[in-house]
Amino acid sequence: VQLQASGGGLVQAGGSLRLSCAASGSSFSSYVMAWFRQAPGKEREFVGAVRWSDTTYYADSVKGRFTISRDNAKNTVYLQMNSLKPEDTAIYYCAGSRRIILSTIRLSSGYDYWGLGTLVTVSS
């Protein structure tokens, strides 16, 4: 599976962006898909994930502001980001896994496939 993230850009605080991650290959619907982010000088951190059943998981820092969703017919996962804050500035990566278990869904080590990332910059 190859993943291609897009939709990043520069936005003012309080604004919105929608990121997309298009996946190639088959069996996309069976993958757990996730978004991670990495700010300059910081470790990569979990943002959100969506299972094949559409069950979603979020980091506390984005809960209520970000929404992850998937369209299996288009092999695409989305991250709708609202009420953006300067601390949301980071490179955002999409990731996928067919083998991940629930207890590790927030860990980057559980994902086998990664996109190259898209930069989100939130100005104050």
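The table below lists the values:
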read-out	value
Members of segment 35-62 that are closer than 23 Å to SER123 by Cβ and either surrounded by fewer than 18 Cβ atoms within 10 Å (Cβ to Cβ) or polar (S, T, N, Q) (or both)	GLN38, ALA39, PRO40, GLY41, LYS42, ARG44, GLU45, ALA59, SER61
Qualifying residue in segment 57-72 (condition: charged (D, E, K, R) and touching a helix residue (DSSP H, G or I) at 6+ places or on another chain (Cβ under 7 Å))	no
Subset tally (residues that are within 12 Å of ARG70 (Cα to Cα) and touching a helix residue (DSSP H, G or I) at 6+ places or on another chain (Cβ under 7 Å)) for segment 1-56	3
Residue match in segment 46-67 (condition: more than 25 Å from GLN12 (Cβ to Cβ), touching a Phe, Trp or Tyr at 6+ places or on another chain (Cβ under 8 Å) and of a type in the set (Gly, Ala, Ser))	yes
Residue that is modelled with the lowest pLDDT [pool: residues in segment 1-51 that are among the β-branched types (Val, Ile, Thr) and more than 11 Å from VAL77 (Cβ to Cβ)]	VAL1
Qualifying position, being in a loop (DSSP other than H, G, I, E, B), among the polar types (S, T, N, Q) and out of contact with any Lys or Arg (no Cβ under 8 Å at 6 or more places or on another chain), among SER109, SER61	SER61
Of the criteria (1) more than 20 Å from THR104 (Cβ to Cβ); (2) in a loop (DSSP other than H, G, I, E, B); (3) touching a residue at least 60 places away in the same chain (Cβ under 8 Å), which one VAL11 fails	(2)
Residues that are more than 15 Å from GLY15 (Cβ to Cβ), hydrophobic (A, V, I, L, M, F, W, C) and crowded, with 18+ Cβ neighbours inside 10 Å, drawn from segment 72-90	VAL77, ALA90
Residue selected from segment 52-77 under the condition among the hydroxyl-bearing types (Ser, Thr, Tyr) and more than 15 Å from ARG18 (Cα to Cα), by the criterion modelled with the lowest pLDDT	SER53
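The values are calculated or read from the model by the stated rules, or taken from the named source; none is laboratory data. All of these numbers come straight from a predicted model, not from anything done at the bench. Cβ sites come from the backbone with ideal geometry, for glycine too, and all protein chains shown count toward neighbours.
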